[in-house]
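This report refers to the structure that appears directly beneath it.
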Amino acid sequence: DTAVSQTPKYLVTQMGNDKSIKCEQNLGHDTMYWYKQDSKKFLKIMFSYNNKELIINETVPNRFSPKSPDKAHLNLHINSLELGDSAVYFCASSQGDRGNTEAFFGQGTRLTVV
Amino acid sequence: GEDVEQSLFLSVREGDSSVINCTYTDSSSTYLYWYKQEPGAGLQLLTYIFSNMDMKQDQRLTVLLNKKDKHLSLRIADTQTGDSAIYFCAELPPGFQKLVFGTGTRLLVSP
């Protein structure tokens, strides 16, 4: 029973393409996140949604567009992929948007842009 | 500084104690966390501490918090080879709805 699942796990694509990463959580949480982990393992938040509403957008290029059709799903669409977009993207969810609520992470999507 | 800082590497022998240190940025952060990332995997929450505590113990894990110096540490007693992973501290600044992660410490445990 996977709590937070992302697809695909690996994605290799050429520069200039458009791609999507999907995320689903079955925990009943109302907040979902996208984090980016670069080659040095540095983790930084990109977006946060609470009940399908965008609450955090951390100066991410417009080429990245999150979409939350319902509170169990948060997808990430990336247009015109660039080499610098290569990273591991983690989806996470938590109950509530503050406090000690544990954030559960997906297994990550390793994106390689060639 | 702007980043939550951690030392990059720590190498210990099996059975020893490991201490991983973290310096965070916001003295008003309400919660501080330790996450573990094994190779090719996502992040797993190990433990957390409220900002009004200075110590928390959870089995082999001991968290120490020094609010004055904005210093957080994680001690793993009787370290095992299965503890080899990257450990991230994270803070939750007040009013923000996001975790700010440290730079990560790669722990290597040798037999």
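Quick note: the coordinates plus some simple rules give every number you see, no bench work behind them. The shown structure was predicted, so the numbers you read here are calculated from the model rather than taken from an experiment. Positions of Cβ are generated from backbone atoms using ideal geometry, with glycine treated the same way; all protein chains shown enter the neighbour counts.
What to note about this one:
- Solution diffusion estimate, µm²/s, Stokes-Einstein, chain B, Kirkwood Rh from C-alpha pairs, 25 °C, viscosity 0.890 mPa s: 176 µm²/s
- Convex hull volume per residue for the protein assembly as shown, taking Cα atoms only, in Å³: 125 Å³
- Net charge of neighbours whose Cβ lies under 9 Å from the Cβ of A:LYS71, counting Lys and Arg as +1 and Asp and Glu as -1: -1
- Once the Cα gyration tensor of segment B:46-105 is diagonalised, semi-axes √(5λ) in Å: 21, 15, 10
- For chain A, the convex hull drawn through the C-alpha positions has a volume of 96 cubic angstrom per residue.
- Cβ neighbours within 10 Å from other chains - mean over A:43-52: 3
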